[in-house]
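The values are calculated or read from the model by the stated rules, or taken from the named source; none is laboratory data. All values derive from a computational prediction rather than experimental measurement. Positions of Cβ are backbone-derived with ideal geometry, glycine not excepted, and every protein chain shown enters the neighbour counts. Just the protein is used for accessible areas: all its heavy atoms, side chains included, with ligands, DNA and RNA removed. Shrake-Rupley method; radii C 1.70, N 1.55, O 1.52, S 1.80 Å.
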Amino acid sequence: MEKAKISGYQLFVLVTLFEMGSAILFGLGAEAKQDAWIAVLLGLILGLVLFLVYHRLFLFYPEISFTMYVQKITGNRIGSVIGFLYIIYFIYQASRILRDFGELLVTTIYTNTPLFIINCLMILTIIYAIHKGFEVIARVGELFFIIIYFVAIIGSFLIVLSGLIHLSNLRPILENGWKPLLDIVGRQTIYFPFGEMVVFTMLLPYLDDQKKARKICMGGIILSGINIIITVVVNIAVLGVELMVRTPFPLLSTVGRIQIADFIERLDALFMLYLVIGGFFKITLYFYAAVSGTAELFQLKSNQKLSLPIGVIILFTSITVASNYSEHIKEGAEIIPLYIHLPFQIIIPVMLLFIAYIRNKLIRLNFSVK
């Protein structure tokens with residue numbers, strides 16, 4: 001594991017940027033229509049509960065990352081297989097997010113540029129960041145965190161000033177009852193983005209004051225969740241339910257409607273910066289977790305040599321993961337939550353926590369008997 005330490009504030013920034021990442025890009029919970037914000041709120045609450053599972057695992061083995069302590073919990077052979085599967089999961093997630101932001105840029109700004117070129121430029125930048133180390137990534141996060149919030153405050157002010165908010169679009173609340181809403185939470189918002197905090201099982205050992213890990217991470221999750229809820233509410237209030245459901249990137253459509261005195265308009269590019277920064281940090285943290293986990297699993301002394309080959313894998317997977325963007329979105333909505341997110345974010349961590357609890361209880365019992 002890289003010898004790096006980050007402060008509590010830096011961890012808070014990384015959690016917030018990671019969680020917001022691609023979640024503000026899409027119409028999260030759009031199937032719930034005007035109740036989408038409630039679906040996100042419930043996902044946030046369940047996500048906090050899920051993080052407590054990850055944090056409890058961390059407390060059993062605070063000095064080592066997930067790919068190492070899973071071997072202590074289940075044994076070297078089974079633990080190595082589980083650790084390797086998580087590395088593949090991190091790589092796959094980084095590839096999907098890279099595809100999301102590549103499609104965003106190709107669809108909106110770089111319409112004549114091949115997707116491969118856009119993704120290649122992004123992954124080269126991330127490889128450079130990985131090569132510099134985790135502390136550098138955390139310090140860059142502090143800088144961009146300020147930029148993102150500055151842009152968000154300006155955008156919110158301009159949207160309100162433009163008179164685009166129509167709160168009537170948020171009614172009626174719970175028109176179809178709780179059942180379809182809970183179904184959406186179970187299929188989407190608990191996993192994306194809140195269940196993705198599983199990647200921080202690889203990063204928490206870098207925190208300089210580990211006693212504050214739970215408070216810091218839960219604070220970051222709550223702040224990002226509030227930001228996402230506000231974004232969803234604004235998208236519904238500005239676009240209306242029908243348009244929000246149909247548009248692939250609701251936030252950009254919302255920002256594109258800003259027009260003040262025929263002078264302040266076409267601010268899409270400004271908010272593209274906001275979205276790309278979030279995407280950069282989300283891909284980078286998944287990428288770093290894959291690199292760090294691979295180095296630990298195969299007992300390599302340096303992470304840096306792995307950044308290029310894993311970066312190439314992520315790049316080509318992002319292109320081949322789906323033949324087109326519609327197929328990519330369909331996979332993300334129907335296949336990924338049930339067959340990938342559910343086992344990696346919930347089933348395996350809960351089982352590991354149960355086994356770790358039993359093992360540690362038996363060890364304490366044997367020690368007390370002696």
Just to verify a number: FRET efficiency for Ser162 and Glu142, C-beta to C-beta distance, R0 = 30 Å, to 0.05? 0.45
Using θ = phi - 60° and the Karplus curve 6.51 cos²θ - 1.76 cosθ + 1.60, what whole-Hz ³J(HN,Hα) does each residue of the stretch 317-330 get, with Gly and Pro shown as x? 5, 4, 7, 9, 4, 7, 6, 8, 5, 4, 5, 4, 5, 4
C-alpha center-to-center spacing [the stretch 17-69, the stretch 280-333] in angstrom: 20
Counting helices only, and only those DSSP H runs with n ≥ 4, report the 222 nm mean residue ellipticity of the chain as the sum of -39,500 (n - 2.57) divided by its residues, in deg cm²/dmol to the nearest 500. -22500 deg cm²/dmol
Sequence-distant residues sharing a close amide H with Ile6 (under 5 Å, placed H): Leu207, Asp208
Low-density loop cleavage sites - GluC sites (Glu not before Pro) in the stretch 256-329, where at most 13 other Cβ are within 10 Å (DSSP): none
Quick check on packing: order 12-18, 211-217 by the mean number of other C-beta atoms within 10 Å, highest mean leading. 12-18, 211-217
HN-Hα couplings for the stretch 274-288 via Karplus (6.51, -1.76, 1.60; θ = phi - 60°), in whole Hz with x for Gly/Pro, come out as 4, 6, 5, 4, x, x, 4, 6, 5, 5, 4, 5, 5, 4, 5
Multiplying the sequence separation of Met351 and Arg257 by 0.36 nm and subtracting their Cα-Cα distance, what value in nm do you get? 29.1 nm
For Lys301, give me every one of the aspartates and glutamates with a C-alpha distance below 19 angstrom, ignoring sequence neighbours fewer than eight places off in its own chain. Glu2, Glu63, Glu135
Sort 27-35, 305-313 by packing, meaning the average of other beta carbons within 10 Å per residue, with the highest value first. 27-35, 305-313
Taking only Cα atoms, what is the 0 to 90° angle, nearest 10, from helix 76-108's long axis to the longest principal axis of the chain? 20
Report which label in (i) 21.9, 69; (ii) 20.9, 81; (iii) 25.6, 84 holds the value of Rg and Dmax of the Cα atoms in Å derived from the coordinates of this structure. (ii)
Contact order normalised by residue count of the stretch 236-317, Cα under 8 Å, 6+ apart, percent: 15
How much accessible area does Ser7 have with a 1.4 Å probe, in Å² rounded to the nearest 10? 40
In whole angstrom, how far apart do the alpha carbon centroids of the stretch 224-238 and the stretch 157-185 sit? 9
Can you compute the modelled spin-label distance between Glu331 and Phe84, with each label point 7 Å from Cα toward Cβ, in nm? 2.2
Compare Ile229, Ile165 by solvent-accessible area with a 1.4 Å probe and give them largest first, with all protein chains kept in place. Ile165, Ile229
Phi angles of the stretch 353-359, converted by Karplus (6.51 cos²θ - 1.76 cosθ + 1.60, θ = phi - 60°) into ³J(HN,Hα) in whole Hz with x for Gly and Pro, give 5, 4, 5, 4, 5, 5, 4
Flagged links, alpha-carbon separation over 18 Å, of Lys3/Lys305; Lys72/Lys361; Lys132/Lys305; Lys3/Lys282; Lys33/Lys282: Lys3/Lys282; Lys33/Lys282
